[in-house]
Each structure stands twice: as structure tokens, then as C-alpha cells.
Amino acid sequence: MSETKEKLFKGGGFLVEDINGEDVITPEDFTDEHQMIAKTTEEFVAGEVLPLVDNLENHEFEHSVDLLKKAGELGLLGADVPEEYGGLGLDKISSSLITEKFSRAGGFSVTHGAHVGIGSLPIVFFGNEDQKQKYLPKLASGELLAAYALTEPGSGSDALGAKTTAKLNEAGTHYILNGEKQWITNSAFADVFVVYAKIDGEHFSAFIVERDYPGVSTGPEEKKMGIKSSSTRTLILEDAEVPVENLLGEKGKGHRIAFNILNVGRYKLAIGGVGGSKRGIELATKYVNERKQFGTAISSFSLTQEKLATMAARTYANESAVYRTVGLFEQRMGSMTDEQLADGREVAKAIAEYQIECSMNKYTATECLDYVADEAVQLHGGYGFMQEYEVERIYRDSRINRIFEGTNEINRLLVPGTLLKKAMKGELPLLQKAQGLQEELMMMMPEEVGTEPLEQEKHLLRNAKKIVLLGAGLAAQKYMQKLEKEQEILVNLADMVAEVYNMESAILRTEKAINKSGLEKNNQKLLYTQVYVQEAFNRIEADAKETLIAVEQGDTLRMMLSSLRKLTRHEPTNVIAKKREIAANIIEAEKYVV
Amino acid sequence: MNIYVLLKKTFDTEEKIVVSNGQIEDDGAEFIINPYDEYAVEEAIKQRDAHGGEVTVVTVGDEDSEKQLRTALAMGADKAVLINTEDDLEEGDQFTTTKILEAFFEDKEVDLILAGNVAIDEASGQVGPRLAERLGMPYVTTITSLEIDGDTVNVEKDVEGDVEKVLTSLPLLVTCQQGLNDPRYPSLPGIMKAKKKPLEELEIDDLDLDEDELEPKTKTVDIFLPPEKEAGRVLEGEVEDQVKELVSLLKNESKVL
């Protein structure tokens, strides 16, 4: 593990705390083992999965089963399963790297992710000893494959509105489940489903349902826009008989499992988004180097370069942010006792502490992927529209990421909501900071910004945090409890907060790298950071302005806008020049490089 | 059975080669186990699993070579030895490497040594056979099959696409050709175990060698990239005329006929 000084940060704490590069975990801290694990995954995907992509896309799911079993032999299904239950019990960075490297497999990475993540983790975190002994060793080896069944035709984002019911039979031996679960990944072949149902129509609970139980069946395969390599069907429960010992967690406490698992699902999707973005950049760069128009490779055009650089800078910020979040889990788990670590619920709690970070990572990284996929198709021109080019599949596969594991809109709404809750409970001194800010702004003098690397970016970050506080403080004051009805404002705040997290993550990673190995070796990182921070700051400024105008009027508004102007005063970076420099390095390496 | 594998790190096959000032730039390059040496590691593990014994992987290299050794340990080798020449030797050639390995093997009991057929960087294919010669051991190059029964060894050898069957005996040195086996991926449990496996680091001092004895016998005069491929040309007209033109081009322009 890295020698990062253990300093525990609260979820959302980045908004109010001063953080140094040494406090965060970055990809530059990965150990040789981490890299070997990443490489094995990469080689497995390239050597075993990709040759079968056409078959998988064609719904030949016997290959999915076979590949998952092979993955199990290599240990690629057991990273998050503790050793005493037949897994490897690896750290979260290792399992994240597996997720990142699997992303190249497209729809099959969803198959893998659903099995190891939302399929297996409910049992890892919330299973009792018998359930863990019975299922986990076989899930880790791939002998049993898992699926997760929460969504219903009538309840998506409103998961607790599920209609599926469970009723104890007269003998008290089985719960009888009735209902239909929709869009269940891995449903064609999964042996074990984690199913949510309401006991007696009211107590939302989770169950481990085996495929072979009487009354369990699946519907026809869905015809999807993308991730066609994964199986998606309905799970039909008609008087399905589930033994009472297969109730997962406590009766009526299913929401706890559901929400915890969503956190995991979210950060894992973010990591997949980063992996997919890197692949998109690589494909696009190779293509533009190869493709000649007007007698020259189109990579020589500065507009091509602008696109590659923007894609890469955004990927860098997101990569820095998602691994920072994984590092936060690691740091928190590092402070736990062995006993706590052995209790899955405690591990889930450690992750849930960072639900804000998980949500932000989810929406920014999946939107980064969508952006990269879109531009990668664009750079391919008409060829990008043709199925024989991988980028066409990436474009289609990308789209679902903004929808599942909580739509990006739901995730955005959660961020300011959770922050305010934490502030109200006194867990984060947001309101105090916001009040102090008002006074500070009255006296504020323009700050002299130094010329050392990252000084400008740190200056913008400091002010960005103040802008967030300004906007959030104002909105909270104005609307109080009714703020949740002002969804446009909440979303603006969520975007600003996420930009702050990404900006800061990029800055801290670059700072840490420069401290470790000098500026020369980390010039690309510095360029990414300069470009991303400037562009993110511009977006924050626009969001803040729109928010203030919506919330206030007249003199108060004018005063607020003048405060905003004070906070946004700076000498902007020439991003066009920086992007050309960034692109030159990418074009030479023909891939995303840091 | 005491099985040894000679391993070398090479540029990743996807790396672009950049030559500047007559040297290949390796700054920031990704390295891998030489792919032919990977066949050797895989075969060593298989033979050990079938006959018992121990697999030791040996490399002559620098500090960074530890990564490739760890990878071999993660695949399933038991021990690794890094002979680190980074601080002692400015340059070396096949003679240098052979000499170092000869000294290393001097006091070892060896049943089988496996090496790659060639390294994909300089591709001399010499170290294996030269070492066998120095150790007074039979050797077979470019093998595609290896069957050991007691001291008897049946080898199949690739001879420019044909197969030659060789009957020989242990101790033996072989160099491995593509087709011999399918190297495994290092499994995650393997990777975690590799951390704890012994990796011994030696310097030439420890082998009672000094720089003078290791002076290369060859001199690299120049390093340059192959000329860039020129654009192709499509001949036009009747087939008969095209053939005539092609023959004339081959004779007069490229002078290969």
C-alpha cells in the first residue's frame, strides 16, 4: 500500500477542508501488484473476451458463462469476496483496476460487473454466516453466477415503490414471492438473484432467490440499444418458493441493502467510465494518425488536436477523482479493526460515508465517457458510423451508463440534498462557512496569484469552493425546507460541487506527482490540470450566475452578482495553446498518456 | 527436478522504437517478459507439475527486471534470481551474458534449462546454445514439444516449418519456439503469492567476476531504423502488360531479379 499519511476525511468534507496532495491516493501510488492485476485483467479481456465479441453481441450466452468461469479461475471474480469465503479479499484499488480493465469488453463488462458487484456484494456485506458459506465460495469461483433484481416496470428511480410481494407460507418454511422484476442483467444464466420484495406488501426486504426454486422464471431477451453482450430479461416470480433462511438482512430493512449496493454500483460505473474513455481516446488517436485527407494525416489539424486534448483532460480529472474516492474507502477501512472489516455491514458503511463522492463520480465519469465516445465517433467521420469499427459499439454501449444505478439526474439531486442533511446534522460546517463568507466578501481584496506551477489552479479552486458556498448558502436560506422542489437549482449546485471535486482531484494528483518525481516528468499532468481547471471554472461561473439570478432579485441580486464577480476575477489560461501541447503527446503515444 | 529458466525483459511489442544519438530510447517504455521466454516459463511450470522439483527463473538485467521476475513467479515459478549488472557494466553482449550465466551455474545442480528461442529485441538467439556449450550440456533449439521420461527426453524441433524429432537425455538445455504451449496469465492468487516468493539479487562480485572478464567481444557500430515503407503502386492496363511491367520493374528498379 502507499505510504499516504492516514488522515480521515468525511464524505463531502472536501468542500470545507484544506487538503494536500499527500492526503489523497492517486494512480501514481499503485503498487507492482496492482499493476500486475491490471495487466492480467487486460490480457484476459484482450485474449479471451474480445475474440468472442461478435458471438456475445449475438446473445450466445454460453460464452458468457464460460468466460466468467475462466475469469473465476484467474481470481477475477473474487477480489471483493473475503478470503475465508473463497475469495481473495483484495483492497478496493485492486478490484477497481479489474473493473477499469474489464470496461474494454463492452457489454460483457456489464455481465462481469453485475456478477461481482451488485450480484455478489449484497451477500458479502449483508449475508449471515450460513448464507456466506453457502454462496460466496461458488460466486467467487464462477460456479454460481449472480444477478440483482430491484427495478420493476412501475418502479425505477422510486425503488421503494416496488410491487413484488412476499408472504410467509402457513408452515412458516418459505416466503412466497409474487411479482415481476424488469431489466435484470445476467438473467439468462444467473443461478442466484438478489430480489427485493415487500413482506405482506409493506416491509421492503431482500431475498436470495435461486433460479431452480419453483415459480421462478425469466421472460424473453430484451432488444437493447447497446451492451448487447449482456443478457437483460424480466425475472418472473409466480408463487416462487423461497426458503425463510434466504431472507437477506433483516425484514423491512431491504432499503439499507439497496442503498449501500447502489453506492458500490455507482463508483464502479465511474471507474468503468474512465476505462472506456481511455479506450475511446486510443481508438480515436490511432484513427486520426492513420486517416489522411487533403494529403495529410488529420491528426495534424489543430481542431482534431483540440478534441483529443479535451477528451484526455476530462478523462484525467475523472480518473483522478474516482481513484481518490477509492482511496478514501481504503483510508477509512485502514482505520477499522479486523473485527469491523470482517463484518460486511461495516465495510458497506465505510463506503456509504462517501455516497456524495460516489454519486458525483457516477455522473461526471459516465458523462465523460459519453462525451469521449461521441467525439471519438466524430473523429472517425463516416467510418465511426460503421459497425466494423469498435468505436461504433462504444458509442452505443456508453449510453446506458447515464441511466442505470440511479439516473444521473437522481444522482445529482442526491448530492446537494445529502450535503445539506450533513450540514443540518452538524457533520459538516457548511452553514458556518457560508456565513463567514458573506463577511469575507465585503472586505475581499483581489488576491495576488503566484506563477509557480498549480498556483493559479489552486487559486481558482479556492474561489470555486467559495462560489459553491455562496450559491448553496443563498439557496438554503431562501427556500429552507422547500429547496428540494427547486430541482434546477439543486442540479446547478450538484454540477458545481462535482466540478470542485474533479478540479481538486486533478490538482492534488498533479501536485503529488510533481513532489515525487519532478515537473519535467509530469508536464502532461500539469497541462491537463490547467486546461480542466480553467474550463471547469468557466462552467461553475455560468452555473452560479444562473442560480443567483433565479434565486434573488433587485439590489440583493446585484450585490450577489458583484460578489460573484469578485470571486471569478482572474487572468485566464490560454487553453488553446495548452491543448495543442497536450495533443502532441497523445498523438505521438497513440493513446491516453499522463 | 531442478529446472532453470533464462529470462530477459524486452520492449512491449506495442512500443514504438525511437532511436536518438545512436541509442534506442527506453525512457518511459513498457517492458514485458520476452515472449519466447514466456513459453520457457510456461513449459518449466508444466514439467515441474508433472515431474516434481523446482523452477528457478534467472535474469541478467537491472533493478527494473524485478517486475518481469515477479510476473514469472506469479505464473508459478518457485524462485527468482536477478543478476544486477546495472552498476558494474556499461555494455555487454551475448558473450557477457553467457559468461555471467556460466559463473552462476557453476555450482548448481541442473536437470533442465529452458530459454527463449530468441529475444525479440536483438534476436541473436545465441545465449542459450553458448551457455550449453560452456556447461558441457546437450542443447536443442526451437523446440515445439518436450517429453521427459526418467532421463530420456523426446524433443520436437521446428526446422523452418518442418519437424525434427530428437531423442536426448538430461541434463539438457532447450530454447523454446512459438507453438510449444500457451503461456498462462498470472492469476490473482498467483500474483499475491509471488510477493512472498524468494527473489535473490546478485551482482557480478558475488559470482567472482570482474568487469574486465566481461568485456564484450562485439562492438555495435550503428543503430538505425529500417527505411520507411514507401507507398505501393497499382499497375494498370491489360494483365499481360502489367506482368511485363512488373518484371521490368523487378529487374531494373528494385533489382531483385
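The values are calculated or read from the model by the stated rules, or taken from the named source; none is laboratory data. All figures in this text were calculated on a predicted structure; none of them were measured in a lab. With ideal geometry, Cβ positions are generated from the backbone for all residues, glycine too; neighbour counts draw on all protein chains shown. The accessibility values were calculated without ligands, DNA or RNA, using every heavy atom of the protein model including side chains. Shrake-Rupley method; radii C 1.70, N 1.55, O 1.52, S 1.80 Å.
Rounded to the nearest percent, how much of the accessible area of chain A (1.4 Å probe, protein heavy atoms only) is carbon and sulfur?
Exposed carbon and sulfur together represent 50 percent of the surface.
List the residues of the range B:169-198 that lose 10 Å² or more of accessible area once all protein chains are present, compared with their chain alone (1.4 Å probe, heavy atoms only, no ligands or nucleic acids).
Buried-area filter returns B:TYR185, B:PRO186, B:SER187, B:LEU188, B:PRO189, B:ILE191, B:MET192, B:LYS195.
Report the label-to-label distance for B:GLU86 and B:GLU14 in nanometres (one decimal), using points 7 Å from each Cα along the Cα→Cβ vector.
Taking the two extended label points, one gets 2.5 nm.
Can you tell me the FRET efficiency between B:LEU257 and B:ASP222 if r is taken as the Cβ-Cβ distance and R0 is 35 Å, rounded to the nearest 0.05?
Taking R0 as 35 Å, the efficiency between B:LEU257 and B:ASP222 is 0.75.
What is the antiparallel percent of DSSP beta bridges lying wholly in the protein assembly as shown, to the nearest 5?
60
Work out which residues of the range A:28-56 lose at minimum 30 square angstrom of accessible surface when the other protein chains are put back, relative to the chain isolated, with a 1.4 angstrom probe, and list them by number.
Output list: A:ASP32, A:GLU33, A:MET36, A:ILE37, A:LYS39, A:THR40, A:GLU43.
Mind checking how much accessible area A and B bury in total, 1.4 Å probe, in Å² rounded to 100?
1500
Could you grab the relative contact order for chain A? Cα pairs under 8 Å, six or more apart, rounded to a whole percent.
Value for chain A: 15 percent.
How about the range A:440-502: which GluC sites (Glu not before Pro) there lie in a loop by DSSP and see at most 12 other Cβ atoms within 10 Å?
Those satisfying the criteria are A:GLU447, A:GLU448.
Could you tell me which residue out of B:ILE223, B:VAL234, B:LEU180 lies farthest along the dipole of the range B:169-252 toward its positive end? Charges go on the beta carbon: Lys and Arg +1, Asp and Glu -1, centred on the Cα centre.
Ranked along the dipole, the leading option is B:LEU180.
In square nanometres, what is one fourth of the surface area of the convex hull spanned by the alpha carbons of chain A?
Over all viewing directions, chain A projects a mean Cα-hull area of 27.1 nm².
So, in nm, how far is label A:GLU17 from label B:VAL239 when the simple model puts each one 7 Å beyond its Cα toward the Cβ?
7.8
Of A:ALA114, A:THR164, A:THR296, whose Cα points farthest to the positive end of the dipole of chain A (charges on the beta-carbon: +1 Lys, Arg; -1 Asp, Glu; origin at the Cα centre)?
A:THR296
Under the definition of partner shielding as Cβ atoms of other protein chains within 10 Å of a residue Cβ, what is the mean value for peptide B:13-23?
1
Points 7 angstrom from Cα along the Cβ direction at A:LYS485 and A:ARG558: gap in nanometres?
Taking the simple label geometry, A:LYS485 and A:ARG558 are separated by 3.0 nm.
Let me spell out the model: positive unit charges on the Cβ of Lys and Arg, negative unit charges on the Cβ of Asp and Glu, origin at the Cα centre of chain A. What dipole size does that give, in debye rounded to 20?
For this selection, approximately 1440 debye.
Please report the net charge: other residues with Cβ closer than 12 Å to the Cβ of A:TYR148, K and R +1, D and E -1.
0
Can I get the semi-axes of the range A:12-153's equivalent ellipsoid? Compute them from the C-alpha gyration tensor as square roots of 5 times the eigenvalues, in angstrom, largest first.
Each semi-axis is √(5λ); the values are 27, 21, 16 Å.
Rounded to the nearest 500 deg cm²/dmol, what is the calculated helix-only ellipticity per residue at 222 nm for chain B, with -39500 (n - 2.57) per DSSP H run of length n ≥ 4?
-7500 deg cm²/dmol
How many Å² of accessible area per residue for chain A, probe 1.4 Å?
I get 41 Å² per residue for chain A.
Please identify the GluC sites (Glu not before Pro) of the range A:326-419 that satisfy two criteria: DSSP loop assignment and at most 16 other Cβ atoms within 10 Å. Which are they?
Those that pass, being in a loop and sparsely packed, are A:GLU388.
What percentage of the solvent-accessible surface of the range B:2-214, computed with a 1.4 Å probe over protein heavy atoms, is contributed by carbon and sulfur atoms?
38
Assigning unit charges at the beta carbon (Lys, Arg +1; Asp, Glu -1) and nothing else, what dipole magnitude in debye, to the nearest 20, does the range A:47-120 show about its Cα centre?
It works out to roughly 180 debye.
Select from the range A:62-76 all residues whose loss of accessible area on going from the chain by itself to the full protein assembly reaches 50 Å² or more (probe 1.4 Å).
Those residues are A:LEU74.
Angle check, please: helix A:575-589 long axis (alpha carbons) against the longest principal axis of chain A (alpha carbons), in degrees 0 to 90, nearest 10.
With both axes taken from Cα atoms, the answer is about 50 degrees.
If the limit is 29 Å between Cα atoms, which of A:LYS362/B:LYS195; A:LYS70/B:LYS79; A:LYS516/B:LYS16; A:LYS268/B:LYS46; A:LYS286/A:LYS579 go over it?
With Cα atoms farther than 29 Å apart: A:LYS362/B:LYS195; A:LYS268/B:LYS46.
Taking the square root of 5 times each eigenvalue of the Cα gyration tensor, what semi-axes in Å does the equivalent ellipsoid of chain B have, largest first?
37, 24, 19
If you count only protein heavy atoms with a 1.4 Å probe, what accessible area per residue comes out for chain B, rounded to a whole Å²?
That works out to 58 Å² for each residue.
Taking a quarter of the surface of the Cα convex hull of the range A:461-532, what do you get in nm²?
The directionally averaged projection comes out at 5.3 nm².
Write out the trypsin sites (Lys or Arg not before Pro) in the range B:149-201 meeting two conditions: DSSP loop, and at most 11 other Cβ atoms within 10 Å of their Cβ.
Counting only loop positions with at most 11 other Cβ atoms within 10 Å, the trypsin sites (Lys or Arg not before Pro) in the range B:149-201 are B:LYS196.
Rounded to the nearest 5, what is the percent of antiparallel bridges among the DSSP beta bridges in chain B?
40
May I ask which of A:LYS458/A:LYS482; A:LYS69/A:LYS278; A:LYS92/A:LYS278; B:LYS8/B:LYS193; A:LYS39/A:LYS198 have a Cα-Cα span longer than 32 Å here?
Beyond 32 Å: A:LYS458/A:LYS482; A:LYS39/A:LYS198.
Select from B:PRO35, B:PRO171, B:PRO226 the residue whose mean-square fluctuation is largest in a Gaussian network model of chain B (Cα-Cα springs shorter than 10 Å).
Comparing B:PRO35, B:PRO171, B:PRO226 in the GNM, the peak value goes to B:PRO226.
Just B:ASN117, B:ASN34, B:ASN21 to compare: in a GNM of chain B, with alpha carbon springs under 10 Å, which one fluctuates most?
Most flexible of the set in this elastic network: B:ASN21.
Could you tell me which of rounded, prolate or oblate describes the range A:413-589, using a ≥ b ≥ c as the square roots of the eigenvalues of the alpha-carbon gyration tensor, with rounded for a/c under 1.5 and, failing that, prolate when a/b is larger than b/c and oblate otherwise?
prolate
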